[in-house]
Amino acid sequence: MVAQDEQGVRIGLSAVVIAVRDRTACVLTVSGDDGLTALPFGPFDPVRDRTFERALRDFVTDQTGFRLGFVEQLYTFGDLGRASPRATPGPERRREVSVGYLALTADAVDAPPLDEARWTPLLDIFPWEDRRDGPAACLPALIAALNDWAATDPRRLIRVQTLFATLPPHRWNEGRVLDRYELLYEAGLVAEADRDNDRPVAATLSGLPMASDHRRILATGLGRLRSKLKYRPVLFDLMPATFTLSDLQSAAEAIAGLSLHKQNFRRGVERTGLVQPTGVMSSATGGRPAELFRVIDGDLTGGDTLGLPLPAQR
């Protein structure tokens, strides 16, 4: 599903569309040509399409029935042999360029209209990124395998220790999603590494594999979003018109993969001045009624607008 010109350059577009559904961070996915989970993706036709973004919007709607709101360009992926995170040898070595886009939506209450599209939990794809209840269940086995792979190479060991915070003074950096995925790929611990090297797929602890290099693109998008939480109020793009502070914290935790300190988070939200109470109470949680809040009117993209705090539990 890519365009190709006379020089053998193919141009494709990929969409990372993220939402929070039932307090779970999800990404919009389709079924790839090989039956694997894939991001919505398609061709850019320089003759037919006026802009990359217009083409992206059209094929996402065609493939999923979902209409995109605001999108931002994420990254341009241009490796040789872009079926995998790294250039792969072969007789063609055709250059494929894919432009990735990131979109956030609050309009994901229902399933996508088309049967082949679905909202897939992000942490099913990256299970090692979930630290809300402590290190993920899959992590000890992955760390043991990484240490075996790195045992004879001090540089590899440092990367493992730094990225997975296995020893002090290293601390978990939730924004380095792509670096952790690429380390697991290099160590042969994700299914895509087996597939791309024509080995039987043996990786069983490392989450849901994706078509082509879509898990790499998604890791780039999730890492970008986690980093932006700290300096831009992008979390509100995932929220409905009114929400409780508990809803807001759950959404932040779902995206960051961290358990946040309740009182510190709420104090930080109040200090930003970005939300105001509506005077309406909600009992949707089934417990004590909680007040609904809404985002203040105005432009939240300005240079003086700050992100929300992420005070992790100790």
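Every number here is computed from the coordinates shown, using simple stated rules; none is lab data. For clarity, every value in this text was computed on a predicted model and none was experimentally measured. Cβ atoms come from the backbone with ideal geometry, glycine included; neighbour counts cover every protein chain shown.
Dimensions of the range 232-295 based on its C-alpha atoms, expressed as ranges along the principal axes with the largest first, amount to 27, 23, 21 Å. Per the Cα gyration tensor, the chain maps to an equivalent ellipsoid with semi-axes of 33, 27, 17 Å, ordered largest to smallest.
Measuring r between the beta carbons of ASN197 and THR76 and using R0 = 30 Å, the FRET efficiency lands at 0.75. Considering only the Cα atoms of the range 128-206, their convex hull presents on average a projected area of 5.3 nm². Over the range 186-259, the alpha carbon radius of gyration divided by the compact-protein estimate 2.2 N^0.38 Å works out to 1.47. Working from label points 7 Å from Cα in the Cα-to-Cβ sense, the THR61 to ASP45 distance is 1.6 nm. Label positions at ILE296 and ASP115, each projected 7 Å from the Cα along the C-beta direction, are separated by 4.9 nm. The label-point distance for TYR231 and ARG54, in a model that sets each label 7 Å from Cα toward Cβ, rounds to 3.3 nm. Counting only DSSP H runs of at least 4 residues, each contributing -39500 (n - 2.57), and dividing by the residue count of the chain, the helix-based mean residue ellipticity at 222 nm comes to -9000 deg cm²/dmol.
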